[in-house]
1. Would you point out which residue out of Thr229, Thr264, Thr255, Thr245 is hydroxyl-bearing (Ser, Thr, Tyr) and surrounded by 13 or more Cβ atoms within 10 Å (Cβ to Cβ)?
2. Which pairs have Cβ atoms under 9 Å, sit 6 or more apart or on different chains, and link a residue in segment 530-541 that is among the basic types (Lys, Arg) to one that is modelled with pLDDT of 75 or more?
3. Taking Gly321, is it within 37 Å of the chain's Cα centre (by Cα), of a type outside the set (Ser, Thr, Tyr) and on the phi > 0 side of the Ramachandran plot?
4. Looking only at segment 376-396, count how many residues are assigned to a strand (DSSP E or B), over 13 Å from Gly414 (Cβ atoms) and more than 16 Å from ligand 2 (Cβ to nearest atom).
5. Can you report the number of residues in segment 381-426 which are of a type in the set (A, V, I, L, M, F, W, C) and either within 16 Å of ligand 1 (Cβ to nearest atom) or under 31 Å from the mean Cα position of the chain (by Cα) (or both)?
6. Which numbered condition in (1) more than 16 Å from ligand 2 (Cβ to nearest atom); (2) over 20 Å from Ala560 (Cα atoms); (3) part of a loop (DSSP other than H, G, I, E, B) is the only one that Asp429 fails?
7. State all residues of segment 511-521 that are more than 27 Å from Asp486 (Cα to Cα) and within 16 Å of ligand 2 (Cβ to nearest atom); if no residue qualifies, say none.
8. From the list Arg558, Arg501, pick out the single residue that is of a type outside the set (Phe, Trp, Tyr) and closer than 22 Å to Asp441 by Cα.
Amino acid sequence: MRHPRISPNEITFGTAKRMSLGQLIKRISKYLKPHYLKLGTVFVITMVSTLLSLVGPKLCGQAIDAITGDGSGFTKVLGYAGVLLIVYVVSGILAYAGTILMCATTRAIVRKMRDDTFDHLTTLPVSFFDHRQAGDLLSVMSYDVDTLAEALASDLITCLKSAVMVVGSLAMMLTIAPPLVIVFAITVPLSAGLTKFITKRSRPLFRKRSAKLGELNGYVEEMISGQKTTKAYSVENRVAEKFETLNKAAVDAYTEAESIGTITGPSVNFVNNLSLTLISVIGALMYMWGYRGITAGDISSFVLYSRKFSGPINEVANIIGDLQSAMAAADRVFRLLDEPSEAPDAENAVVLSNVKGNVEISNLNFGYVPERQIIFDMNIKAKEGQVVAIVGHTGAGKTTIVNLLMRFYDQYTGQICIDGQDISMATRDSLRQAFSMVLQDTWLFTGTIYENVAYGREGVTREDVERVCKEAMIHSFITHLPQGYDTMLEDGAINISKGQRQLLTIARAMLSEAPILILDEATSNVDTRTEIRIQQAMNKLMAGKTCFVIAHRLSTIRSADCILVMEKGDIVEQGTHEELMKIPNGVYAELCSMDFKRGGD
Ligand SMILES: Nc1ncnc2c1ncn2[C@@H]1O[C@H](COP(=O)(O)OP(=O)(O)OP(=O)(O)O)[C@@H](O)[C@H]1O
Ligand SMILES: [Mg+2]
């Protein structure tokens, strides 16, 4: 028995209600539309193939009736067998062609759907990803799209075939012996009822089985990623115990579900055999009483048709389950597609060009969520070529300023201007091109070191990449790798250290010609000596650029033109290192002395 596919995660996107079946079908048919011709062909091929296969039992019956003692009967039977063979071969070939065509069509649909989903993901605002787990989105793109595709590919054809088969064989049976059909009035409701009864009880168990398996997988994943911590705290035994408990629960759920689920097959079989028996007995009686000249061949045709008739009916329950989960999957896919994109640039948006790098933030107020304001009435002025350092405790709002400068979040009040141009009236592309940045969370992708540094830039030569890597103090490390710049960085770049990752992202930023540079804790993971040397390289690089430097280690920002001290979304002090050190009981002076004591200097 096939089990209904159940999505492992019951995530719901957006606040919108679940789509109605009608809406879903409408959305799906939009994807089907370009393929109507192919789908029509599949429809016709499947119809013909199924109808052809319906001829089989009739021919069989006639062949049986043709059996006589002499040679002429045998020739006739051979003739029937020949025709039968041809009919089945043609029907088989057609069915195969139909399935292949349908598979190709659904793959094309899946491809389009995945492309659309991925394209849409790239247009979504940063804030969208604050609330969604990457794993959830991944499962929509892979699992849900696949569930839908599978349903399209197999269930649609099965439905069509079943419908033709049921109607066709019923019609044939009616032409042979109408009274015998009455047997189905008993057996069909019986097997449908049985299937429904069992599915109703087994479905929750299958869901439980998936959930338990999900729990188990989640636990294993967590333990693998945290294995160092497990070892360090010597809690392997406890971890293994917990696993055993979860594993037992999963196995129990599995057994429970299977033991009920597997009843379906035998019980439906029993009903089928029951109907066969009834048909044989009643058929034999009709033969004996000479009902309308019924022959033995007729009876055997009827028996064969009855098999064709009840098969699809027993499938219906499974298909309905599949279709239900396909609709649930479609719902998640389309709801993700309906998530609003980043608002498009205003019609009269200005393209920032030849940016000099004068940045002015005035009366800025912002919160990621309306209930919690993070930035309070902030004013910052950075002139072309200046280095502005932002310091403050964890959670003060430093990274938040970067997010707003890059327009990752839009819902602020106040104004941010670059060269006097309000950035909310500039195109996002031109704005973001004016910046290069090293983010707090370094990000490297699967690719060579060269590709990672040259990321997204056209016309970058090998020499350029080597130059910036030298400046970022990572060149000698790279050249000592067996493949040098062509070394592949594995998934998540775990084959290099945290500090090395940071140096690579610094090199990446150094490659950019953008007039404004943002360094968010750029050197927090490198040792002090490397940091000082990078600082020297950066000073060269920063020359002529407006720079925002966020750092916990205050030694790196001493020479900044202006240091902003942030506290809880407010700028509490502002000035050069010397000026700030003079403030009695100043926050900056205190931070500096702590930094000094900690040994950061
Ligand atoms: N995406 C977000 N959604 C909601 N709140 C956020 C988000 N990002 C940050 N915050 C909140 O905003 C506040 C400021 O965060 P921010 O990242 O700007 O701090 P920070 O000064 O950069 O700290 P750190 O020195 O640790 O990097 C924090 O209290 C944090 O909880
Ligand atoms: Mg930060």
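The values are calculated or read from the model by the stated rules, or taken from the named source; none is laboratory data. Remember, predicted model here, so these are calculated numbers, not experimental data. Counting neighbours? That spans all protein chains shown, and the Cβs are built from the backbone with ideal geometry, glycine included.
1. The conditions single out Thr264.
2. Arg533/Met473; Lys540/Glu471
3. Judged against the criteria, Gly321 is not a match.
4. Here the count works out to 3.
5. Residues in segment 381-426 being of a type in the set (A, V, I, L, M, F, W, C) and either within 16 Å of ligand 1 (Cβ to nearest atom) or under 31 Å from the mean Cα position of the chain (by Cα) (or both): 12 in total.
6. (3)
7. Ile518, Asp520, Glu521 - these are the residues of segment 511-521 that are more than 27 Å from Asp486 (Cα to Cα) and within 16 Å of ligand 2 (Cβ to nearest atom).
8. Arg501
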